[in-house]
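> Have a look at this one before I ask anything.
Values quoted throughout were computed directly from the atomic coordinates according to the rules given, and no laboratory measurement underlies them. Worth saying up front: this structure is predicted, and the values here are computed from it rather than measured. As a convention, Cβ positions derive from the backbone with ideal geometry for all residues, glycine included, and neighbour counts pool all protein chains shown.
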Amino acid sequence: MTDARIGPNGREDELTSGLREIYAAPAEPRYWAELEARIMARIAGDDAWWLPFGDWVRVGLVAVGVAGMVAVAGLVRARQDETRVAVETIVDTPRELPQQMATGTTGLSVPEATLRYVIQP
């Protein structure tokens, strides 16, 4: 173990010595073997530490369901907005008559002018 000192002058008083005794690693090799055995028994045991998280499964599934419904509602709303804008653009925007429509229909009867208007690009 390194000889770590507290402070710039390496203060070594009763408090420092007491803390070192409390926080010193156990010297017995048996302690580490028992600690490993306890940890492994806890992991492999019947009282598995992850079982309390099973109660959260329902909450998680509900949260995922709500998030999915919100996402679908947002997509439907966006689709409706796109459709509304497209319809407004097509229906509400007046079609500009081409210049040649006014000049190309002079002298024609009304049915002929209408037919030319419909078939003309």
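> Calculate, for Gln120 and Val64, the FRET efficiency according to 1/(1 + (r/R0)^6) with r their C-beta to C-beta distance and R0 41 Å; round to the nearest 0.05. Present the calculation step by step, with values, prior to reporting the outcome.
Working: r = 56 Å, r/R0 = 1.36.
Efficiency computed from Cβ-Cβ geometry: 0.15.
> What nm distance separates the two modelled labels at Ala33 and Gln80, each placed 7 Å from Cα along Cα→Cβ?
Here the answer is 7.2 nm between the modelled labels.
> Each label point is 7 Å from the Cα along the Cα-to-Cβ direction; what then is the distance between the points at Thr89 and Ala71, in nm?
Result for the modelled spin labels: 2.7 nm.
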